[in-house]
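The next block holds one structure in the form of structure tokens; read it before the comments.
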Amino acid sequence: MISCRLIANAGVLIETEGIRILLDGLQDAGNYPFSRTPDSILEQMMSQDAGSADFSESCANEYKHIDFLIFTHTHPDHFSAELLAEYLECNHVRRVLCPIEENAQFRPMRQALQKARVPLWPLKMKHGAAHQYRLTEEICIYSLCVRHMPQIFPKDLCSCLLVQADGKNVLFLADCSYEEEGLLKAYAGVKIDAVFLNPYFYYDERGRHIINEYLQPERIVIYHLPFESDDQIHLCSLARQALKKYPDSRAVLLEEPLQAVNL
């Protein structure tokens with residue numbers, strides 16, 4: 001089984017084959033109108049012990065010593081170099097996958113990686129670049145570099161990640177643009193058990209065309225939504241309107257804290 005539990009925004013804790021993968025889960029949202037990684041979870045992540053007064057010990061343990069930390073791109077609602085460096089100081093991590101930029105923001109992260117002796121796999125951020133990363137004998141990740149959604153930062157890039165584990169294929173589109181039909185055709189013929197995508201992708205006719213023509217997933221998970229209390233741009237309303245206007249029995253919203261999708 002693959003379990004995908006919401007942390008915040010596009011942050012998801014993936015558990016499969018006894019391995020834990022944190023995807024886009026160490027972020028502070030910056031000035032973006034999204035939810036930062038909750039303080040209650042950060043306190044558990046950064047604690048020297050696994051316990052917390054707000055969570056059971058079994059739940060708290062899941063945030064310590066996560067095996068793999070992966071980031072689709074470096075926008076602050078997906079990635080914080082400072083939080084990553086802090087996490088590496090108090091946790092054992094097997095490997096980090098993320099884009100690397102040559103600026104001062106990345107300096108403490110690089111130092112923390114070296115100090116903790118954690119290997120880094122830099123994601124290839126060139127439009128159309130595809131690469132395979134084998135995390136374990138049983139778990140493989142395929143990255144595809146695409147354009148960011150056009151509503152904001154249309155010139156930026158992000159990675160789509162296909163997670164293969166336990167005989168299943170789970171595709172995380174992150175902030176992928178619905179204008180990337182040419183690249184997303186690559187998934188035609190791949191049995192997609194679930195696709196995680198942002199609400200703009202689902203709302204746009206071109207996005208739904210890609211879903212139905214090429215991806216043909218068993219389940220559609222609309223994520224990258226702020227929590228209700230942080231929703232200044234009414235993105236949750238947009239997502240609900242999209243499902244009402246374009247109903248699909250495969251589609252669900254991933255919007256509640258710690259909400260999980262099991263595959």
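Taking a label point 7 Å from the Cα of ARG94 along the Cα→Cβ vector, which residues of the stretch 131-164 have an amide N closer than 12 Å to it?
134-141
What is the helix-to-structure angle for 107-116, meaning the angle in degrees between its Cα long axis and the longest Cα principal axis of the chain, kept from 0 to 90 and rounded to the nearest 10?
60 degrees
Hey, which aspartates and glutamates would be in cross-link range of LYS168, C-alpha to C-alpha under 15 Å, not counting anything within fewer than 8 residues on its own chain?
Reachable aspartates and glutamates: GLU15, GLU17, GLU137, GLU138, ASP193, GLU218.
Find the percent of Cα-Cα distances in the stretch 151-192 that exceed 12 Å, and round it to a whole number.
Cα-Cα pairs of the stretch 151-192 separated by over 12 Å account for 65 percent.
Take every DSSP beta bridge whose two residues both sit in the stretch 88-183, then give the antiparallel share in percent to the nearest 5.
If we restrict to bridges inside the stretch 88-183, about 85 percent are antiparallel.
Take GLU43 and LYS191, extend 7 Å from each Cα along the Cα→Cβ direction, and tell me the distance between the two endpoints in nm.
The modelled label-to-label distance comes out at 4.5 nm.
Among PHE106, HIS92, LEU243, which residue has its Cα furthest toward the positive end of the charge dipole of the chain, with +1 on Lys/Arg Cβ and -1 on Asp/Glu Cβ?
PHE106
Output the 0 to 90 degree angle, nearest 10, between the alpha-carbon long axis of helix 235-245 and the longest principal axis computed from the alpha carbons of the chain.
30 degrees
Can you figure out the FRET efficiency of GLU138 with ARG206, using R₀ = 35 Å and their beta-carbon distance, to the nearest 0.05? Mind dumping the intermediate values first?
Working: r = 35 Å, r/R0 = 0.99.
Given R0 = 35 Å and the Cβ-Cβ separation, E is 0.50.
Could you work out the relative contact order of the stretch 174-248, using alpha carbon pairs under 8 angstrom and six or more residues apart, expressed as a whole percent?
Relative contact order here is 34 percent.
Check cross-link reach from LYS244 to the aspartates and glutamates: straight Cα distance under 18 Å, and skip same-chain residues fewer than eight apart.
Once the sequence-local aspartates and glutamates are set aside, what remains near LYS244 is ASP204, GLU205, GLU255.
Give me the one-decimal nm value for the distance between modelled label points at GLN151 and GLN216, 7 Å along each residue's Cα-to-Cβ direction.
It works out to 3.0 nm between the two label points.
Given the DSSP H assignment, sum -39500 (n - 2.57) over each helix run of at least 4 residues in the chain and divide by its residue total; what's the result at 222 nm in deg cm²/dmol, nearest 500?
Value at 222 nm, helices only, nearest 500: -5500 deg cm²/dmol.
Quick note: the coordinates plus some simple rules give every number you see, no bench work behind them. Since the structure is predicted, the reported quantities are computational estimates derived from the model, not experimental observations. With ideal geometry, Cβ positions are generated from the backbone for all residues, glycine too; neighbour counts draw on all protein chains shown.
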